Amino acid sequence: MSVIKHKEQRVGVFIDTQNLYHSAKNLYKRRVNFGAILKDAVAGRHLVRAIAYVISTEGEEEKAFFEALGKLGIETKTKDLQIFAGGAKKADWDVGLAMDVVKLAPKLDAVILLSGDGDFVPLIEYLKNAHQTQVEVITFGRSVSAKLKDAADDFIDLGQNPRKYLIGYK
């Protein structure tokens, strides 16, 4: 499938926030510029929904971040950080993100997934086969699953322009 991007195309942007956050932090010691990414992801097309899947910790430090996403037009879906006996922590939105994509797919011409997580390969295959939906993946090339990259119709490597997509990168 060739990648088509035109202004009438209906797009949905689904952001695996933890995945992007940790990739930017581990690879570049920086934070992600979600505004710049959203603008380039939509690329002048008709944005139906942009949803960021975020984790809340016990503190309030994320509140400003969640508000900033809202000001960009990005809806946030929040889940509490799970802490298990013994101290293990879990913060995972994969199934919730996938279910939202499946529910919205009939209303979209293109799904834009901001994640490098290879667990989303079956979702991409489903979208392409069942709905003929174009799937674009945007993440850092140094942390993307090769299978995810191969499954997508288009791939944008945020690492190719860190000054644009990372806050405070020089």
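Taken together, the values in this text are just the output of simple stated rules run on the coordinates, not laboratory data. Note that the structure is a prediction, hence the values are computed from the model and not measured. We place every Cβ from the backbone using ideal geometry, glycine too, and count neighbours over all the protein chains shown.
If you wrap segment 46-117's Cα atoms in a convex hull and average its projection over all directions, what's the area in nm²?
Values: hull surface 24.0 nm².
Reported value for the Cα convex hull: 6.0 nm².
Using 0.36 nm per residue and subtracting the Cα-Cα separation, the extra length available between Arg163 and Asp94 on full extension is 22.0 nm. Taken over the chain, the alpha-carbon convex hull comes to 121 cubic angstrom per residue. Relative to the dominant Cα principal axis of the chain, helix 17-28 is inclined by about 80°.
A viscosity of 1.306 mPa s and a temperature of 10 °C, combined with the Kirkwood radius over Cα pairs in Stokes-Einstein, give a translational diffusion coefficient for segment 87-134 of 137 µm²/s. Amide H contacts under 5 Å for Ile156: Val137, Ile138, Thr139, restricted to partners 5 or more places along the chain or on a different chain, H placed in the peptide plane at 1.01 Å from N. The Kirkwood radius of segment 1-68, taken over pairs of alpha-carbon atoms, gives through the Stokes-Einstein law at 10 °C and 1.306 mPa s a diffusion coefficient of 115 µm² s⁻¹.
With a Förster radius of 35 Å applied to the C-beta separation of Lys71 and Lys147, the computed FRET efficiency comes to 0.50. Once every Cα of segment 69-170 carries one equal point scatterer and solvent is ignored, give the base-10 log of I(q)/I(0) from the Debye formula at q = 0.16, 0.21 Å⁻¹, two decimals. The calculated log intensity ratios at q = 0.16, 0.21 Å⁻¹ are -0.85, -1.19. Each of Lys39 and His22 was given a label point 7 Å from its Cα along the Cα-to-Cβ line. The distance between the two points is 3.0 nm.
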